[in-house]
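Before any comments, here is the structure.
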């Protein structure tokens, strides 16, 4: 359990993001002149072996749109040419990464593909938007235009942000995470914040580590305990921590939202405060936080 959660923290750590961003800085920008399907082009065929470089790393330069398809899929043959044409028109301002789900089942499973065609947008290593099924070209064009505006602000193709400088004070925390020592990582992040209370990365990293420690302490029995005692607010918050710590973000939010909907007074406020804390752990850039915030407003008012 500790090793699994330490790995999850490590994936979210600043160092991992910085390394991907650094690789993107040294790579040439995507080019619409490259042959269709070739690496580095505006349209690229992606496999499990090239996903890191062509999707995750590339998403630190420009937004990447995943087109998940299969040869037998009729609607895919309607949507894919539209997306390919739009990517060519985009001139490298975004990349279309085509994934054959039959040839790359592990990718399809990891991306939780339930039906095709499926389209998912990746920016700076995170999924930020998606839709399923073939849609008209006008809607596809609007989807892409909004994606580029929301991520790069319509920046000139190849224009990259200044690389983030690594903070050596975070090394001790990251080393602790690598060996699965969450307590030492928490102490290291707290030491950084004691010197610099407004550190841009240590605060969110500390909240993540504290969440994973709570999730580890709660253990998998937390869900059964919460289901057996629906009116026990502490049990519900422990279950939400466990869900979030194991990657079930929407389920964690929904569990607390359900508590808020059926309670009042101090119990409701306790659940609300804990839910807002979890929002801070995930970060407002995650679209699931925005959706849950809207649901919270509806539940409260």
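Within the range 99-115, not a single residue is touching a helix residue (DSSP H, G or I) at 6+ places or on another chain (Cβ under 6 Å) and under 23 Å from residue 290 (Cβ atoms). Condition check for residue 19 on (1) surrounded by fewer than 20 Cβ atoms within 10 Å (Cβ to Cβ); (2) out of contact with any helix residue (DSSP H, G or I) (no Cβ under 8 Å at 6 or more places or on another chain); (3) at pLDDT 60 or above: one failure, at (3). There is at least one residue in the range 92-105 that is in a helix (DSSP H, G or I) and either over 19 Å from the mean Cα position of the chain (by Cα) or not assigned by TED's automatic domain parsing to the domain that holds residue 77 (or both).
A quick yes/no check of all residues on (1) on the phi < 0 side of the Ramachandran plot; (2) surrounded by 15 or more Cβ atoms within 10 Å (Cβ to Cβ); (3) in contact (Cβ under 8 Å) with a residue 40 or more places away in the chain:
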position: 208; (1), (2), (3): yes, yes, yes
position: 217; (1), (2), (3): yes, no, no
position: 224; (1), (2), (3): yes, no, no
position: 239; (1), (2), (3): yes, yes, no
position: 242; (1), (2), (3): yes, yes, no
position: 247; (1), (2), (3): no, no, yes
position: 252; (1), (2), (3): yes, yes, no
position: 273; (1), (2), (3): yes, no, no
position: 290; (1), (2), (3): yes, no, no
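The values are calculated or read from the model by the stated rules, or taken from the named source; none is laboratory data. In this text, all values refer to a predicted model and were calculated from it rather than measured experimentally. Ideal geometry is used to build each Cβ from the backbone, glycine not excepted, and the neighbour counts take in all protein chains shown.
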